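Remarks on the structure that follows.
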Amino acid sequence: MPTPEEGPSSWKSLDAMPSFREYFRCSPFSGVGALALCLRAKPSEMPTHTPLDLKKALTQAGFSVFRTQGSEVIVAERVRENLIMDSGVRIRAGAPLAVRVVFRAQRGDFLGEDDNNIFDRVNRLAEPARAGGFTEVERNITPVVDPGDSARTLDTFYEITLAKDAPDLDKALDEVRFAMGLDKIASRKLSVRP
């Protein structure tokens, strides 16, 4: 029988799963000695938050949830009374929790500029997050495809994703608040008229 340390990927069927008591050895019902061992457990051995836990915590903290995608809960930004959109801020379940922020610019807003210049704009936009301890984890060029004609590209997003680990849920929510206050989309180039 697989041990709890081997994890769910090694369980071939429900019969092979360890019992609740074996998997969650740090139960308050298993006696004072076992609880003391649980309190000394390494963070990697501690139970992690699920996306459902994160959604509940975000809602209780006053945030709206846009959607859940895998282990990430995407925070919504209320554009109007009846419209919410992806804010670019995500919180990832796991140990440790991680807050991710996506900064972006649209090619259509900066026509005539090359890819490097557009990424420079996004980099400048991300500086306050870097100063707050976030580090770059991804850089993407994402085409926005016409939903009616997959051969047609409507625009292109230039995205830089920054992330920061959080030791606990309260700190993660603080980082979400910080990230929600940042500008995450490069504004249109203003034309100066003589």
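Taken together, the values in this text are just the output of simple stated rules run on the coordinates, not laboratory data. Fair warning: this is a prediction, and the values are worked out from it, not measured in the lab. Positions of Cβ are backbone-derived with ideal geometry, glycine not excepted, and every protein chain shown enters the neighbour counts.
Send over the semi-axes of the range 70-194's equivalent ellipsoid, whole angstrom and largest first, taken as the square roots of 5 times the C-alpha gyration tensor eigenvalues.
27, 18, 15
Any idea what log10 I(q)/I(0) is at q = 0.15, 0.21, 0.24 Å⁻¹ for the range 44-109, Debye with uniform C-alpha scatterers and no solvent?
Summing over Cα pairs of the range 44-109 leads to -0.52, -0.87, -1.04.
Determine the sum of side-chain charges near Pro51: Lys and Arg each +1, Asp and Glu each -1, restricted to other residues whose C-beta is under 13 angstrom from that of Pro51.
+3
Net charge within 14 Å of Phe66 by Cβ-Cβ distance, Lys/Arg positive one each and Asp/Glu negative one each, not counting Phe66 itself?
That works out to +3.
Counting other Cβ atoms within 10 Å of each Cβ, which chymotrypsin sites (Phe, Trp or Tyr not before Pro) in the range 133-194 have at most 16 and sit in a DSSP loop?
The qualifying sites: there are none.
Collect residues whose amide H, placed 1.01 Å from N in the peptide plane, falls under 5 Å from the amide H of Phe66; neighbours closer than 5 in sequence don't count.
Ile74, Val75, Ala76
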